[in-house]
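Q: First the structure, which I've put down as structure tokens, then a few questions once you've had a look.
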Amino acid sequence: MTQTRVAATKSESAVSTRGLVKRFGGQRAVDGVDLDVPAGSVFGLLGPNGAGKTTIVRMLATLLAPDGGTAEVGGLDVVRNAHAVRRLIGLTGQYASVDEALSGRENLYMIGRLLDMPAKAARARADELLETFGLTDAARKRAKEYSGGMRRRLDLAASLVGTPQVLFLDEPTTGLDPQRRNDLWGIVRELAWNGTTVLLTTQYMEEAEALTRHIAVMDRGRIIASGSPDELKHQVSGRRLRVRPVDAADLPVLQGLMAEALGAAREEDLGYVTGPLAEDEKLNQVLREVAAKEIALADLSTFTASLDEVFITLTGTGREDH
Ligand SMILES: Nc1ncnc2c1ncn2[C@@H]1O[C@H](COP(=O)(O)OP(=O)(O)O)[C@@H](O)[C@H]1O
Ligand SMILES: [Mg+2]
């Protein structure tokens, strides 16, 4: 039993990197990244533009040689075993070129055949994907005549013809309308359900939260936080206490006593004061002091910051908090 467990552990990471580095000129686009993507999961690599997400994906897909560190896909080194890695990830979609002279349907069918699918299955898969990506009407048009958005959807469809063990989706929903985005989310969930490991990059916390239980937040080439959405929320801002006095004249006193008890507190809109609630006991402390000062409270609640706020806090984009 223990033996089996040990064997299984070895293959649990579908993607694993240690100290991965990529330089462009003097800049470290990827600056010592450690990643572990559990097999069969959807993993979200989240970060703003220029964080280094695409560079990591390109190294994992064997399209770009690392300058330092190691990277494995399915336990295989991406440099020494590049060929074997390519078979595992199914080198399709954005990593292979769609043939401009062929129609959307022909492209998808061809890829299916190249992946050894029987003709009938390849046709069925092509039609299914065309439907999913809203390309049924354009199925017989040559890819050359597709608009940018259609072409993007065709590229995505192409990456899903086979059912690769590990799939890299680099900002797959950028530029998709909400309906198509939801369709794609459905496909990603289905793939993961069927055992495919998906490494998805995104700039959207909402997307990471909708699809993944494992998130690594990247900024300027480094992983600055990782964990489940809940873990990230707690790591960054934790729970907060929000209180509103009956009489707005009590706001300064309330703000003062909360700042004292909680370490920080600020007045918000609509007569509320909020502060970080690191421990439950602090709640009682605040309540005791509110009672001692005879402040009447109209409202009291605790809440956790949204993942968007976490992202903003971590990457320093947007407003200042606290
Ligand atoms: N081929 C390249 N040559 C020079 N610099 C590059 C190249 N590719 C990416 N970079 C730079 O590396 C950094 C990370 O880029 P990238 O991996 O594309 O980020 P992301 O995908 O997170 O937006 C950026 O500063 C980008 O300008
Ligand atoms: Mg990118």
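Q: Tell me, which residue of region 54-71 that is surrounded by 19 or more Cβ atoms within 10 Å (Cβ to Cβ) and away from ligand 2 (no atom under 16 Å from the Cβ) is farthest from residue 314 (Cα to Cα)?
A: Top of the filtered list is 62.
Q: Is it the case that residue 183 is touching a residue at least 12 places away in the same chain (Cβ under 8 Å) and within 16 Å of ligand 2 (Cβ to nearest atom)? Steps first, please.
A: Details: touching a residue at least 12 places away in the same chain (Cβ under 8 Å): yes; within 16 Å of ligand 2 (Cβ to nearest atom): no.
Answer is no for this residue.
Q: Please go through region 32-53 and pick out each residue that is among the small types (Gly, Ala, Ser) and away from ligand 2 (no atom under 15 Å from the Cβ).
A: Let us first name the residues in region 32-53 that are among the small types (Gly, Ala, Ser), namely 32, 39-41, 44, 47, 50-52.
Scanning region 32-53 gives 32, 39, 40, 41.
Q: What strands (runs of 3 or more DSSP E) completely inside region 194-272 contain at least 1 residues that are within 16 Å of ligand 2 (Cβ to nearest atom) and under 20 Å from the mean Cα position of the chain (by Cα)? Talk me through it step by step, then tell me what you get.
A: Working: elements: 197-202, 214-219, 222-227, 239-245.
So the answer is 197-202, 214-219, 222-227.
Q: Looking for something at negative phi and in contact with a Ser or Thr (Cβ under 6 Å, 6 or more places away or on another chain) - is there at least one such residue anywhere in region 286-304?
A: The initial filter retains those residues of region 286-304 that are at negative phi, namely 286-293, 295-304.
This time we only want the ones that are in contact with a Ser or Thr (Cβ under 6 Å, 6 or more places away or on another chain), so: none.
No, region 286-304 contains no residue that is at negative phi and in contact with a Ser or Thr (Cβ under 6 Å, 6 or more places away or on another chain).
Q: State whether the residues of region 240-252 include one that is within 17 Å of residue 44 (Cβ to Cβ), away from ligand 1 (no atom under 16 Å from the Cβ) and touching a residue at least 12 places away in the same chain (Cβ under 8 Å).
A: Initial filter on region 240-252 (within 17 Å of residue 44 (Cβ to Cβ)): none.
No, that holds for no residue.
Q: May I pose another question? Tell me which residues, restricted to region 97-154, are outside any helix (DSSP H, G or I), under 24 Å from residue 178 (Cα atoms) and small (Gly, Ala, Ser).
A: Scanning region 97-154 gives 134, 139, 147.
Q: Go through region 272-289 residue by residue and tally those that are more than 16 Å from residue 302 (Cα to Cα) and either basic (Lys, Arg) or in contact with a strand residue (DSSP E or B) (Cβ under 8 Å, 6 or more places away or on another chain) (or both).
A: Narrowing region 272-289 to residues more than 16 Å from residue 302 (Cα to Cα): 288-289.
Those still in the list that are either basic (Lys, Arg) or in contact with a strand residue (DSSP E or B) (Cβ under 8 Å, 6 or more places away or on another chain) (or both) too: 288.
So the answer is 1.
Q: Return the residue satisfying two criteria in turn: it lies in region 241-289 and is of a type in the set (S, T, N, Q) and surrounded by 13 or more Cβ atoms within 10 Å (Cβ to Cβ), and of such residues it is modelled with the lowest pLDDT. Before the answer, list the steps.
A: Of the residues in region 241-289, the ones of a type in the set (S, T, N, Q) are 255, 274, 284-285.
Filter once more, so that each one left must be surrounded by 13 or more Cβ atoms within 10 Å (Cβ to Cβ): 255, 274, 285.
Values: 255: 96, 274: 92, 285: 95.
The residue in question is 274.
Q: Follow-up. Is it true that some residue in region 145-159 is of a type in the set (D, E, K, R) and at pLDDT below 80?
A: Taking region 145-159 first, the residues of a type in the set (D, E, K, R) are 145, 151-153, 155.
With at pLDDT below 80 added as a condition, the list becomes 152.
Looking through region 145-159, at least one residue is of a type in the set (D, E, K, R) and at pLDDT below 80.
The values are calculated or read from the model by the stated rules, or taken from the named source; none is laboratory data. No experiment lies behind these values; they were computed from the predicted model shown. With ideal geometry, Cβ positions are generated from the backbone for all residues, glycine too; neighbour counts draw on all protein chains shown.
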